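For reference, the structure discussed in these notes is given below.
The values are calculated or read from the model by the stated rules, or taken from the named source; none is laboratory data. The structure displayed is predicted, hence computed values, not measured ones. Note that each Cβ is placed from the backbone with ideal geometry, even for glycine, and that neighbours are counted across all protein chains shown.
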Amino acid sequence: MRFLSPFVVLAVAGSAILAAHQAVAGSMRCGKHIINEGTSQYEVHTKCGDPVYQQLIEEPVTVISTSQASINSRLGADGQNLQQDILLQEEQPMYRTIERWTYNFGSGRLLREVDFFNGDVIRIETGSRAP
């Protein structure tokens, strides 16, 4: 009979824990309902009720704008025209307004923060322990 080395067992266990944490990070349980990224704000309110705190946050985002330009130049003694098209990309910092709802599901439990953009959940995070 062949046994797995302790390293293999630890690696497999660590991967399973990481996968479970990532699955939970983007979701939240409200009673018997599960809320995920992409859920509408209306559905979250219907299933989870009123949050204990609401705030608007200006979140930085980077927008990349792309444009095309043509460069004309004369080359050589014969004055041959050369046209070259180039693609220009420019990063522009911008802000988007997200709405954050904070839920407190009871004493000693972790707070849950739900971020909305354009009426849909974009992020669910675990906050500090509730008082």
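Numbers for the structure displayed
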quantity	calculated
Any hit, region 12-26, residues being within 18 Å of residue 102 (Cβ to Cβ) and modelled with pLDDT of 55 or more	yes
Given (1) closer than 30 Å to residue 125 by Cβ; (2) at pLDDT below 85; (3) not hydrophobic (A, V, I, L, M, F, W, C), number of the condition residue 47 does not satisfy	(2)
Residue in region 97-104 that is among the β-branched types (Val, Ile, Thr) and either touching a helix residue (DSSP H, G or I) at 6+ places or on another chain (Cβ under 9 Å) or modelled with pLDDT under 95 (or both) present	no
Filter result for the condition that a residue is over 21 Å from the mean Cα position of the chain (by Cα), among the aliphatic types (A, V, I, L, M) and surrounded by 10 or more Cβ atoms within 10 Å (Cβ to Cβ), over 110, 82	82
Qualifying residue in region 59-77 (condition: touching a residue at least 60 places away in the same chain (Cβ under 8 Å) and either of a type in the set (Phe, Trp, Tyr) or surrounded by 10 or more Cβ atoms within 10 Å (Cβ to Cβ) (or both))	no
Flag for residue 34 being of a type outside the set (Gly, Ala, Ser), in a strand (DSSP E or B) and at pLDDT 95 or above	yes
Test: residue in region 114-123 that is surrounded by fewer than 13 Cβ atoms within 10 Å (Cβ to Cβ) and assigned to a strand (DSSP E or B)	no
